[in-house]
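The values are calculated or read from the model by the stated rules, or taken from the named source; none is laboratory data. Predicted model only: the values in this text are computed from it and were never measured. All Cβ positions, glycine included, derive from the backbone under ideal geometry; neighbour counts span all protein chains shown. Note: accessible area is taken over every heavy atom of the protein model, side chains too, but ligands, DNA and RNA are not part of it. Shrake-Rupley method; radii C 1.70, N 1.55, O 1.52, S 1.80 Å.
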Amino acid sequence: MKIYVDEAGLFNPHTVLDNIDKAWGTVGAVTIPHKSEKKVISALNDLKTKMNIPLNEEIKKNRPDPSTNDFSNFVDELRDANCSLHAMTVNRASLNNESSSAHKEDQIKARKNYYDKIKSNLSPEQQNEYLSELEDINVLINTTGLQEYNQIVIQSKLISFMLDKTMTFYGRVSPRELTRFEWIFDRKNESPKKFELLYSKFMPATVQVDFIRETRGVAINKEDIVYFTRNYGNKKAPYGMGEDEIEFRKNIYSVDHSSIAENVVSFDFKKLLNDKLSFSNSKEHAGLQVADLLISAVNRYLKGNVDDVNKSAEILGSLFLNSPRDDVPSIPHINFYNEDIAKPEIDFNTLRLINAKTRILYNPIYRRNFTKNIQDLIERQNGI
């Protein structure tokens, strides 16, 4: 499949509480099966035709309201083509420059700590190579602007968040699509590549840490994921985790997954996330144009700039997949500073509404049991 990633809104702090309801920034990804690419292009062209936009132009100005019938028909065609939509959002009133700067410092320290844990297993040549790479990413983190850095962090969190749902969904509806993941990110301009370089270095490690520390719900049979494990799986233990992987997670990530080893899909993060990663201009990719339309519509909806809030929630929500956990929504409001308390001025009603309209991928029994198992596992790891 191809995964097209884009963003809408800004990712710098918002300090004017008078219009806090308009201060949303959203990152999102649309998954398009390889076999459905022609259908998706046709759906996009149909929408352009209805809007009297030439097929060789993008829908940038006067984007359709997500509650209109034309947009609804467009979404229906995408859903019929087995596309899915994923997003994370932040109200920018939750952001502040001091915490973002501290997050940068923590990331640099964490990468050094990781190196200290694994360096005894590296040859002198590998150590030098790793230290050189470490220095490169430290420079990139320190010299990247805070708004761009916030976006990189949130997009990385999104990739981690959507992986288990993507694997589960396509394992059920089209297992062969799990053979190859292609990640295409929207390139905003043709000049500075610092954002792209930092993202390509920052994202895979962030996804791996998040995915390992917080167990995910891949609710499919082994035969449904054979195409995935054939290309990305751990060769020693394509299903579940071998003893080496269990010990590695204990020593490096301080998590004990021995009790759930048989139900965890172990895979090569670097191959999955880096081998087919590119930044492209949306003019060259219909998939990026689709992502732009959908993600901007979600952000527009969250700001309340739609004609019909309830209808927009139903239409957009139908492309999202529900979460495997009861306590995690389909579209989370992310706060990567690990602060639990959101500003009381932020109104989450529209976010709750669209989260209530998402497609059922995980049934209630699975969600309830999986949530309890995760909570029990966390309690054991914390010695509670």
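Brief remarks on what is shown
- Taking the listed residues Asp70, Asp65, the one that is touching a residue at least 12 places away in the same chain (Cβ under 8 Å) and open to solvent by 20 Å² or more (accessible area, probe 1.4 Å) is Asp70, with no other qualifying.
- Selection within the range 145-173 - touching a residue at least 24 places away in the same chain (Cβ under 8 Å) and open to solvent by 10 Å² or more (accessible area, probe 1.4 Å): Leu146, Gln147, Glu148, Gln151, Lys157, Phe161, Phe169, Arg172, Val173
- When the range 47-79 is filtered for residues that are in a helix (DSSP H, G or I) and either closer than 16 Å to Ser174 by Cα or at pLDDT below 95 (or both), the ones remaining, listed by number, are Leu78, Arg79.
- Just one of the listed residues (Lys235, Lys271) is of a type in the set (D, E, K, R), under 20 Å from Ser160 (Cβ atoms) and either open to solvent by 70 Å² or more (accessible area, probe 1.4 Å) or out of contact with any Cys (no Cβ under 6 Å at 6 or more places or on another chain) (or both), and it is Lys271.
- Test: Ser259 is open to solvent by 20 Å² or more (accessible area, probe 1.4 Å), small (Gly, Ala, Ser) and part of a helix (DSSP H, G or I): yes
- Qualifying residue in the range 26-46 (condition: within 22 Å of the chain's Cα centre (by Cα), part of a loop (DSSP other than H, G, I, E, B) and more than 28 Å from Gly145 (Cα to Cα)): yes
- Condition check for Arg172: more than 25 Å from Gln289 (Cα to Cα) and not aliphatic (A, V, I, L, M): yes
- Only listed residue being under 19 Å from Met167 (Cβ atoms), of a type in the set (Ser, Thr, Tyr) and either more than 18 Å from the chain's Cα centre (by Cα) or buried (at least 17 other Cβ atoms within 10 Å of the Cβ) (or both), chosen from Thr350, Thr358: Thr358
- Flag for Ala23 being touching an Asp or Glu at 6+ places or on another chain (Cβ under 9 Å) and of a type outside the set (S, T, N, Q): no
- Evaluation of Glu247 against the conditions (1) at pLDDT 90 or above; (2) of a type outside the set (A, V, I, L, M, F, W, C); (3) within 30 Å of Leu377 (Cα to Cα) shows that the sole unmet condition is (1).
- Criterion (modelled with pLDDT under 95 and in contact with a Gly (Cβ under 8 Å, 6 or more places away or on another chain)) met by exactly one of Asp136, Asp186, Asp164: Asp164
- Residue match in the range 104-123 (condition: touching a helix residue (DSSP H, G or I) at 6+ places or on another chain (Cβ under 7 Å) and not in a helix (DSSP H, G or I)): yes
- When Met241 is tested against (1) over 21 Å from the mean Cα position of the chain (by Cα); (2) in contact (Cβ under 8 Å) with a residue 40 or more places away in the chain; (3) farther than 30 Å from Asn19 by Cβ, just one condition goes unmet, and that condition is (2).
- Cβ separations smaller than 9 Å between residues 6+ apart or across chains give the following pairs from the range 123-142 residues that are over 17 Å from Phe202 (Cα atoms) to residues that are assigned to a helix (DSSP H, G or I) and open to solvent by less than 70 Å² (accessible area, probe 1.4 Å): Gln127/Tyr115.
- Tyr337 vs. criteria farther than 23 Å from Val40 by Cβ and among the aromatic types (Phe, Trp, Tyr): yes
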